[in-house]
Every structure is written in structure tokens, then in C-alpha cells.
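Computed from the coordinates by the stated procedures, all read-outs in this text should not be read as laboratory data. All figures in this text were calculated on a predicted structure; none of them were measured in a lab. Cβ placement follows ideal geometry from the backbone for every residue including glycine, while neighbour counts extend to all protein chains displayed.
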Amino acid sequence: MPKQNQGYLVLDHSYSPGLPDAQARRAGVDAGEGFFEADTFTCGHCSAVVVKHPLRVRERETCWKCDRWLCDLCATVRKLHEPGVCRNMDALVDRLQSLDPSDTVNAARLLADHQHFMTLRGTYG
Ligand SMILES: [Zn+2]
Ligand SMILES: [Zn+2]
């Protein structure tokens, strides 16, 4: 079982009309009205918080390098564009923090590389 930043989402519309269904689906949840609860996890590569759909049967991808679960978009980028590449967000922050503050060239390079990844990721979502 991968290490995770796990969480829990509760939407309780017991005392309100709730959300229109289309708006709830755009937010990644199934229930705009009533009560909805689900586990969540934070993607190891983009830090998106993912609501784990209670009815999902499809396997979730993990990164064997950083031992984190990945959101579907990051898993797709890794599969189609960057096989075996780990884009762990914590590692990126560590690398940035380890740079000499005057080393703007390498900081810009790391951030541009991350931006490239996020742009690729954005083409699937
Ligand atoms: Zn992700
Ligand atoms: Zn990784």
C-alpha cells in the first residue's frame, strides 16, 4: 500500500437545497443533494486532491519511485509521455530549496520543466 496523504470528504446538504447535479459532477462528486462521503488522496505528482469514487473498480496507478498514488491525469502523462519518470512534488520542492538562492538559472530550469509537465497533464483534463 503506497504512502499517502489521505483525507476524507463530507458534503452534507441535509439543511440546504444542495448543488445542481451538473455542478456536482464537474467538482468530481456524484451527489449534489443530500449526504455524500468519500475517501480522498493527494496525488504524489501534482498535489491534486482526488475524491475516491466509492463505485470505482478500475485500479489506481502508483509511482514505484516515490510510492505515491497518482491521479488519472498524471498516470496518463507518465504512461504516454514519460515512462518511469517520477514527478514527485515534495522532491521538486526539496530540490528548489536546496539551490543556492542566487542560482536563478537552475530554479527557472526546474520550474520550466515542471510547467511543461503540468501543461502536458492539462491536455488530458
Ligand atoms: Zn496528479
Ligand atoms: Zn513519483
>> Pairs please, first residue from the range 5-18 and surrounded by fewer than 11 Cβ atoms within 10 Å (Cβ to Cβ), second anywhere and among the aliphatic types (A, V, I, L, M), Cβ atoms under 8 Å, 6+ apart in sequence or on different chains.
In response: TYR8/ALA38
> If you take just the helices (runs of 4 or more DSSP H) that sit entirely in the range 71-125, which of them hold at least 3 residues that are β-branched (Val, Ile, Thr) and either without any contact (Cβ under 8 Å) to a residue 24 or more places away in the chain or under 26 Å from GLN6 (Cα atoms) (or both)?
Replying inline: 104-122
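Condition first: under 18 Å from the mean Cα position of the chain (by Cα) and loosely packed, with under 14 Cβ neighbours inside 10 Å. Now tell me which residues in the range 84-101 satisfy that. Spell out the reasoning first.
At the first step, the residues of the range 84-101 found to be under 18 Å from the mean Cα position of the chain (by Cα) are 84-93.
Once the filter is applied, which keeps residues that are under 18 Å from the mean Cα position of the chain (by Cα) and loosely packed, with under 14 Cβ neighbours inside 10 Å, the range 84-101 yields GLY84, VAL85, ASP90, VAL93.
Could we say that ASP39 is part of a loop (DSSP other than H, G, I, E, B), surrounded by fewer than 15 Cβ atoms within 10 Å (Cβ to Cβ) and either touching a Phe, Trp or Tyr at 6+ places or on another chain (Cβ under 7 Å) or free of Cβ contacts under 8 Å to residues at least 12 places away in the same chain (or both) here? First the steps, then the outcome.
On the way: part of a loop (DSSP other than H, G, I, E, B): no; surrounded by fewer than 15 Cβ atoms within 10 Å (Cβ to Cβ): yes; either touching a Phe, Trp or Tyr at 6+ places or on another chain (Cβ under 7 Å) or free of Cβ contacts under 8 Å to residues at least 12 places away in the same chain (or both): yes.
Answer is no for this residue.
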>> I'm trying to understand the selection: among the residues of the range 69-86, which are of a type in the set (D, E, K, R) and out of contact with any helix residue (DSSP H, G or I) (no Cβ under 8 Å at 6 or more places or on another chain)?
In response: ASP72, ARG78, LYS79
